[in-house]
Amino acid sequence: MQCPRCGGGFEMAGGGQHARCMRCLTLFTMGPQGPTQVQVQAPGGGQNQEFENMMAQNLGFGPPPAGAGRHNIPDMRVGDMNVRVKINGMSPENYAKDKVSSMIWGWIIGGIIILLLIIGGGVLGVYIWYSAKHTNDPVAPKPAEAATWDGKSTYTCDGNENVSLKGVKATAGVVAGGNCHLTLDNCNITAPIGISSDGNARVTVTGGSVTGSTNSIKADGLSQVTVTGATIKGKVAKDGLAKVIGAQ
Ligand SMILES: [Zn+2]
């Protein structure tokens, strides 16, 4: 069989479905009525031999024989019975456009995803910062509230109180219970029991003195008494899991 355009020989592909002229590289589909020329339009229109070669490769043809090409057609008339080749059900130019647009859509979607990640990261960051700031609030030690004490009757702190007594000369003791945080700053206490702590109380003694005829410090429960630079006179009593740091 010969090429109806230039008389060149055919090479076949696709199990005899497709034919290509080895001389002018025109593609044909083989139908019952004989070869029908396949007009391949490059993306953007017009004819492009490289694009056509690519199409031919898709149909199963190898690289074009040397010297072959359109210039071998004596008459450049384009055949009347043209059939458009389709890839994946699309004409080549639509196929190319589809590829390009899916690439662009890929970029757009990728961009949106990155943008969402940035926004999400920002929101998460703000959330972490916010919650960390607020979680830290109860953890951060609040300054103790200055309390007044005449030193003549027992000073009691309880509950979640956080108080400090400064420079008090007392003839009565302090009793700390609950979750009370009590700071004795340069206080001088002289009493049968100077400091009595219980529950989960925290007593900090800084400077001054504690003198107890029975006990200077009596710590019970899970309470803790910390002495720093204070003079402790009298027996220190400690029960169970209570702790007295800095005095014996
Ligand atoms: Zn030909």
(request) Taking the Cα centre of segment 137-227 as origin, sum charge times position over the Cβ atoms of Lys and Arg (+1) and Asp and Glu (-1), and report the length of that vector in debye to the nearest 20. (result) 260
(request) Quote the charge dipole size of segment 144-195 about the Cα centre in Debye, to the nearest 20; the model charges only the Cβ of Lys and Arg (+1) and of Asp and Glu (-1). (result) 200
(request) Quote the relative contact order of the chain in percent (integer), defining contacts as alpha-carbon pairs under 8 Å separated by 6+ residues. (result) 9
(message) Set the bar at 27 Å for Cα to Cα. Now go through 142/233; 166/235; 142/243; 152/218 and name every pair that lies beyond it.
(response) 142/233
(message) To make sure I understand, if each residue's beta carbon is the centre and we count other beta carbons within 10 Å, what order do 25, 59, 115, 182 fall in, fewest to most?
(response) 115, 59, 25, 182
(message) Sequence gap at least 6, Cα distance under 8 Å: using those rules, report the relative contact order of segment 108-230 to the nearest whole percent.
(response) 17
(message) Angle check, please: helix 49-59 long axis (alpha carbons) against the longest principal axis of the chain (alpha carbons), in degrees 0 to 90, nearest 10.
(response) 80
(request) Kindly list the residues of segment 161-177 that lie in the label zone of residue 145, defined by a backbone N under 11 Å from the point 7 Å along the Cα-to-C-beta vector. (result) 161-164
(message) Taking 0.36 nm per residue of sequence separation and subtracting the Cα-Cα distance, how much length would be gained by fully extending the chain between residue 48 and residue 12, in nm to one decimal?
(response) 10.8 nm
(message) If R₀ is 41 angstrom, what is the calculated FRET efficiency for the pair residue 127 and residue 239, using the beta carbon separation as r and rounding to 0.05?
(response) 0.35
(request) Would you mind ranking 181, 71 by Cβ crowding within 10 Å, fewest neighbours first? (result) 71, 181
(message) Can you tell me the length gained on complete extension of the stretch residue 66 to residue 214, counting 0.36 nm per residue apart and subtracting the Cα distance?
(response) 41.7 nm
(request) Determine the calculated [θ] at 222 nm for the chain from helices alone, applying -39500 (n - 2.57) to every DSSP H run no shorter than 4 residues and normalising by the residue count; nearest 500 deg cm²/dmol. (result) -8500 deg cm²/dmol
(message) Can you say what percent of the DSSP beta bridges in the chain, counting only those with both residues inside, are antiparallel? Round to 5.
(response) 25
(message) Explain nothing, just the number: dipole magnitude of the chain about its Cα centre with +1 on each Lys and Arg Cβ and -1 on each Asp and Glu Cβ, in debye rounded to the nearest 20.
(response) 280
(request) Enumerate the amide H contacts of residue 183 below 5 Å, restricted to partners 5 or more residues apart or on another chain; note that Pro and chain-start residues carry no placed amide H. (result) 163, 164, 165, 204
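Every number in this text was worked out from the coordinates using simple rules, so none of it is lab data. Just so we're clear, the structure is a prediction, and the values are computed from it rather than from any experiment. Every residue, glycine as well, gets a Cβ built from its backbone with ideal geometry; the counts of neighbours run over all protein chains shown.
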